[in-house]
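A.B. asks: Mind having a look at this structure? Questions to follow.
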Amino acid sequence: MTERQENILIMLAAKDRVDVTALAQKLGVSQVTIRKDLDYLDEMGFIKREHGYAILGSLEDTGRRMAINYEIKRKIAKIAAQTVEEGETILIESGSCCTLLAEELANHKRVKIITNSAFLANHIRNAPYADLILLGGEYQARSQVMVGDMTGKWANIFISDKFFVGAAGFTEEFGFTGQDHLRTQTARRIARQAKEVYVLTDSDKFLHSGSEGLLKPSQVTAVFTDDRIPPAKECFLQKRNVLVHKVSSTKNDLAA
């Protein structure tokens, strides 16, 4: 993705709906160039097109969630990618940070990616190093992810070096939490197949509780987040031997 396309996402995250003329003026390029950028972002699942406008999808869309706090999530994905070595087999669950991690890896490292996310698989399908296995299972159209017993059984045949997963929230009682029962249940089963488990999430999730326990701190090797994580939550994790990697939350001002 180009810097200009990233800037389009920043503007959309602030306003949800922006017309082509405004984007062209703000970014100093022609409307033809903007339309080509929007075609790419639409194809990759980030946005949706209306006549003369670019809009974000529904709240459930992974593409919409990627657009919100995109810069921070991209930074999180980049530092998480540094933990992965050439030739490794890794499991990646659905989610915005996880999809950006898969994109980073599939464009720069020869690794085997196993995922239950159809959205993720489609997102990186044209990347040069996209060696990809998509787990089967019950398809959730809303989140474009495979869930259920069949997904867990397919995951059982693989031995993975690392599992990367997102979270909907965090509490000291339950640890990292999920929001959808089947997705959370499936992620817990997939986590059993990995030697190490890494949570990727922006700090906003530490302000929410979620609805179901996903992973206890004792099951997590490290967390990749940003520097707005509440200090008490960071301290709680560190006392339980969870490494906390933080990126800067500073963003540019194009959303204004």
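A.B. asks: Taking the condition of being in a loop (DSSP other than H, G, I, E, B) and either under 16 Å from F164 (Cβ atoms) or modelled with pLDDT under 95 (or both), how many residues in the range 213-226 meet it? So that I can check it myself, show each step before the final result.
C.D. replies: The initial filter retains those residues of the range 213-226 that are in a loop (DSSP other than H, G, I, E, B), namely 216, 220-221.
Now narrow it down to the ones that are either under 16 Å from F164 (Cβ atoms) or modelled with pLDDT under 95 (or both): 220-221.
Summing the residues that are in a loop (DSSP other than H, G, I, E, B) and either under 16 Å from F164 (Cβ atoms) or modelled with pLDDT under 95 (or both) in the range 213-226 gives 2.
A.B. asks: Can I ask one more? What number of residues within the range 141-157 satisfy the criterion of being touching a Leu at 6+ places or on another chain (Cβ under 7 Å) and over 21 Å from M44 (Cα atoms)?
C.D. replies: So in the range 141-157, the residues touching a Leu at 6+ places or on another chain (Cβ under 7 Å) come out as 146-148, 151, 154-155.
Adding the requirement that they be over 21 Å from M44 (Cα atoms) leaves 147-148, 151, 154-155.
Of the residues in that region, 5 qualify.
A.B. asks: Something else about it: If I go through the range 1-49 residue by residue, how many of them are farther than 19 Å from H123 by Cα, in contact (Cβ under 8 Å) with a residue 24 or more places away in the chain and outside any helix (DSSP H, G or I)?
C.D. replies: Of the residues in the range 1-49, 5 are farther than 19 Å from H123 by Cα, in contact (Cβ under 8 Å) with a residue 24 or more places away in the chain and outside any helix (DSSP H, G or I).
A.B. asks: Have a look at R192, R183, R142 and point out the one that is surrounded by fewer than 17 Cβ atoms within 10 Å (Cβ to Cβ), under 13 Å from S117 (Cβ atoms) and either charged (D, E, K, R) or under 19 Å from the mean Cα position of the chain (by Cα) (or both). Walk me through it before giving the result.
C.D. replies: Working: R192 fails: under 13 Å from S117 (Cβ atoms); R183 fails: surrounded by fewer than 17 Cβ atoms within 10 Å (Cβ to Cβ).
Step by step, each of R192, R183, R142 is checked, and only R142 is surrounded by fewer than 17 Cβ atoms within 10 Å (Cβ to Cβ), under 13 Å from S117 (Cβ atoms) and either charged (D, E, K, R) or under 19 Å from the mean Cα position of the chain (by Cα) (or both).
A.B. asks: Within the range 227-240, does at least one residue satisfy the condition of being of a type in the set (A, V, I, L, M), buried (at least 18 other Cβ atoms within 10 Å of the Cβ), more than 20 Å from the chain's Cα centre (by Cα) and modelled with pLDDT of 95 or more? Can you show your working first?
C.D. replies: The first filter runs over the range 227-240 and keeps only residues of a type in the set (A, V, I, L, M), leaving 229, 232, 237.
Subset that is buried (at least 18 other Cβ atoms within 10 Å of the Cβ): 229, 237.
Still in the list and also more than 20 Å from the chain's Cα centre (by Cα): 237.
Cutting the leftovers down to modelled with pLDDT of 95 or more gives us 237.
Yes: one or more hits.
A.B. asks: Of the residues that make up the range 59-77, is at least one among the aliphatic types (A, V, I, L, M) and surrounded by fewer than 16 Cβ atoms within 10 Å (Cβ to Cβ)?
C.D. replies: Filtering the range 59-77 for residues among the aliphatic types (A, V, I, L, M) gives 59, 66-68, 72, 76-77.
Okay, now just the ones that are also surrounded by fewer than 16 Cβ atoms within 10 Å (Cβ to Cβ), so 59.
Looking through the range 59-77, at least one residue is among the aliphatic types (A, V, I, L, M) and surrounded by fewer than 16 Cβ atoms within 10 Å (Cβ to Cβ).
Yes/no per residue for (1) modelled with pLDDT under 95; (2) surrounded by 17 or more Cβ atoms within 10 Å (Cβ to Cβ); (3) more than 14 Å from the chain's Cα centre (by Cα); (4) not β-branched (V, I, T):
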| residue | (1), (2), (3), (4) |
| --- | --- |
| L100 | yes, yes, no, yes |
| N107 | yes, no, yes, yes |
| R110 | yes, no, yes, yes |
| T115 | no, yes, no, no |
| P128 | yes, no, yes, yes |
| L134 | no, no, yes, yes |
| F176 | no, yes, yes, yes |
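A.B. asks: Inside the range 176-185, can you point out the residues that are in a helix (DSSP H, G or I) and in contact with a Gly (Cβ under 7 Å, 6 or more places away or on another chain)?
C.D. replies: We begin by selecting, within the range 176-185, every residue in a helix (DSSP H, G or I); these are 181-185.
Across the range 176-185, the qualifying residues are L182, T184.
A.B. asks: Something else now. Which of the following residues is in the same structural domain as T184 (by TED's automatic domain parsing) and more than 11 Å from F164 (Cα to Cα): I133, I92? Break it down stepwise before answering.
C.D. replies: Values: I92 fails: more than 11 Å from F164 (Cα to Cα).
On inspection, the qualifying residue turns out to be I133.
A.B. asks: For residues in the range 184-194 being modelled with pLDDT of 90 or more and touching a Ser or Thr at 6+ places or on another chain (Cβ under 7 Å), which is nearest to S248 (Cα to Cα)?
C.D. replies: So, considering only residues that are modelled with pLDDT of 90 or more and touching a Ser or Thr at 6+ places or on another chain (Cβ under 7 Å), the one nearest to S248 (Cα to Cα) is A194.
A.B. asks: Considering (1) surrounded by fewer than 17 Cβ atoms within 10 Å (Cβ to Cβ); (2) at pLDDT 95 or above; (3) not in a strand (DSSP E or B), say which one A255 fails and leave the rest.
C.D. replies: Every condition holds for A255 apart from (2).
A.B. asks: Just a yes or no: is a residue in the range 186-195 part of a strand (DSSP E or B) and among the aliphatic types (A, V, I, L, M)?
C.D. replies: Yes: one or more hits.
A.B. asks: Select from the range 160-169 the residues that are part of a strand (DSSP E or B) and in contact with a Lys or Arg (Cβ under 6 Å, 6 or more places away or on another chain) and write down the one among them that is surrounded by the fewest Cβ atoms within 10 Å (Cβ to Cβ). Don't jump to the end; show me each part of the working.
C.D. replies: First, the residues of the range 160-169 that are part of a strand (DSSP E or B): 160-165, 169.
If we keep only those that are in contact with a Lys or Arg (Cβ under 6 Å, 6 or more places away or on another chain) too, we end up with 161, 169.
Details: D161: 17, G169: 21.
Filtering first and then ranking leaves D161.
The values are calculated or read from the model by the stated rules, or taken from the named source; none is laboratory data. Small disclaimer: the values here were computed from a predicted structure and weren't measured. Counting neighbours? That spans all protein chains shown, and the Cβs are built from the backbone with ideal geometry, glycine included.
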